[in-house]
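The values are calculated or read from the model by the stated rules, or taken from the named source; none is laboratory data. In this text, all values refer to a predicted model and were calculated from it rather than measured experimentally. Cβ sites come from the backbone with ideal geometry, for glycine too, and all protein chains shown count toward neighbours. Heavy atoms of the whole protein, side chains included, go into the accessibility calculation; ligands, DNA and RNA do not. Shrake-Rupley method; radii C 1.70, N 1.55, O 1.52, S 1.80 Å.
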Amino acid sequence: MDLGVPGWPVDHHLGMIESIARAVRARERSARDTVTEALAAAAATKALNAFTSIDAEAALARAATIDATVAAGGDPGPLAGVPVALKDIIDHAGRTTTCGSSFYREVPKRSAPVVDRLEAAGAVVIGRTGLHEFAYGFSSENDWWGPVRNPWDLNTSPGGSSGGSAAAVAAGVVPLGIGTDTGGSVRVPAAMCGIVGLKVTHGRVPLTGVFPLAPSLDTVGPLTRSVGDAAIAYAVMAGYHSEDPWSANQPVEISDHPADLRGLRVGIPLPWTERPLETGIAAAYAATLAGLESAGAEISEIRDPIFDPEQLPRATYAEIATVHREWFTEDPERYGLETRDRLGREMLHSAEDIARGREWQATLRQAAERAFSHVQVLVTPTTAARSKIIGNATVDGGAEPEQYRTALSWFSTFANQMGTPALALPIAGDGSPPPSIQLIAPWWQEAKLLAVGWAMTDAGITSSARVPTEQATT
């Protein structure tokens, strides 16, 4: 099945976003053309269930405004005419935010600052995307909206919680999807859909106007088809916002060229990576390390007993209960079965549990500081499994069938607990989808992280995303 990816001009090195924006600014293509093509692609891929709503009228009106700016000699910005899919947990003025729930329906008067920044840069939001209910899960199988489906195989999950944004990017509907990441909700769907996903340092992108899951862990980040595209989107989204209580006033460095892999100090965190892996992922991870070493990187093991996801205290997510306690107490049936079960357990944490969780988190962050005093990046797989059948609770994590949340979040959750940036990248070569690896850098070093990812793509270790050969049409 062929959905017909929009005929956007693409500069292989710079990526799709830069190619589209350059063409629109040069009047080689109109913003109306790019938006019309994205809307047509969204209509042709309804079987993915990637969107909760499409706002064609507003998107075309905004495209007309961008074209008028160009015609008058103005510059709409670095995302001129770029179609965007926005996770339905982020406020966009005048559009209903549902959070993928049965009951939450809010029409904000103001957009989230991150949306303001995207639109100020010339982007056009074409619609809102499906997600795991209230962003609390890793499958995007939603009791109220139906499951989001993976364009590589409609019987499988795209991962979550930002599954709709990832599916829309992977299927070629849009070049940029916006997701949120509290325990891996950008990187897991990036891995499952064979695309690039960036989790930023906590506090790097403002959270105002984003419905909270666990505010001290929440982040907003881009899903794209290449590292270059992720770097452009990051440059637009990042930066301090005075109205946001979580925002950090840290300088934003921009990645505009690949890093030099020669002499790059790369760490393999143990025992974190000493677990079974799905066969294709294990081979890809070994090939990644070998490729880095061949390119001149210095690989070393970083062993610390706290780098063990089995020791993660559940109480580190106690904030989730605070967000939902009143609604849950009034009527737990308003939540889907999986979310209801997990929320019920979060409600039971004692003050002592929470204190111990905070202490563990501080110890983990100290361990990360020690690790980064020796290496510049950590490298892990992004997930332990590559595929999840919709409706199945278990996946192939390399040994016995394993609970899917454990296998999918094993490598992603610690970056949120540490607060560090992390990047999910598809591996070069065959695979449906290709396996994914994760790079983790010290706090505020997104530019370094993206530059390393860019260099790995240039070296043929990782790759830009491929459009699935078997795709979903209506």
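Quick look at the numbers
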read-out: Test result for Thr413, touching a Gly at 6+ places or on another chain (Cβ under 6 Å), open to solvent by less than 30 Å² (accessible area, probe 1.4 Å), modelled with pLDDT of 95 or more and hydroxyl-bearing (Ser, Thr, Tyr); value: yes
read-out: Candidates Val169, Val174, Val188 - the one that is among the hydrophobic types (A, V, I, L, M, F, W, C), part of a loop (DSSP other than H, G, I, E, B) and surrounded by 24 or more Cβ atoms within 10 Å (Cβ to Cβ); value: Val174
read-out: Scope segment 43-57; condition touching a residue at least 24 places away in the same chain (Cβ under 8 Å) and either among the aromatic types (Phe, Trp, Tyr) or part of a helix (DSSP H, G or I) (or both); matching residues; value: Ala43, Ala44, Lys46, Ala47, Leu48, Phe51, Ala56
read-out: Selection count where residues are open to solvent by less than 40 Å² (accessible area, probe 1.4 Å) and not in a loop (DSSP other than H, G, I, E, B), scope segment 68-90; value: 7
read-out: Segment 100-119, residues that are surrounded by fewer than 24 Cβ atoms within 10 Å (Cβ to Cβ), closer than 25 Å to Ala41 by Cβ and not charged (D, E, K, R); value: Ser111
read-out: Qualifying residue in segment 430-447 (condition: within 27 Å of Val236 (Cβ to Cβ), outside any loop (DSSP other than H, G, I, E, B), touching an Asp or Glu at 6+ places or on another chain (Cβ under 6 Å) and open to solvent by less than 50 Å² (accessible area, probe 1.4 Å)); value: yes
read-out: Conditions (1) within 16 Å of Leu449 (Cβ to Cβ); (2) in contact with a helix residue (DSSP H, G or I) (Cβ under 7 Å, 6 or more places away or on another chain); (3) touching a residue at least 60 places away in the same chain (Cβ under 8 Å): number failed by Ser162; value: (1)
read-out: Scan of segment 259-296 for residues that are closer than 21 Å to Glu446 by Cβ and at pLDDT below 95, ordered by number; value: none
read-out: Enumeration of residues in segment 191-215 that are open to solvent by less than 10 Å² (accessible area, probe 1.4 Å) and over 21 Å from Tyr240 (Cβ atoms); value: Ala191, Met192, Cys193, Gly194, Ile195, Val196, Gly197, Ala214
read-out: Listing of helices (runs of 4 or more DSSP H) fully contained in segment 272-385 that carry 1 or more residues being buried (at least 17 other Cβ atoms within 10 Å of the Cβ) and touching a helix residue (DSSP H, G or I) at 6+ places or on another chain (Cβ under 6 Å); value: 319-330, 337-346, 351-372
read-out: Matching entry among Ala93, Ala21 (being assigned to a helix (DSSP H, G or I) and either of a type in the set (Lys, Arg) or out of contact with any Cys (no Cβ under 8 Å at 6 or more places or on another chain) (or both)); value: Ala21
read-out: Pair list, Cβ < 6 Å and 6+ apart or interchain, from segment 196-211 residues that are closer than 29 Å to Ser464 by Cβ to residues that are β-branched (Val, Ile, Thr) and in a loop (DSSP other than H, G, I, E, B); value: Gly197/Val186; Lys199/Val186; Lys199/Thr219; Val200/Thr219; His202/Thr219
read-out: Out of Gly164, Gly127, Gly137, Gly160, sole residue that is in a helix (DSSP H, G or I) and open to solvent by less than 10 Å² (accessible area, probe 1.4 Å); value: Gly164
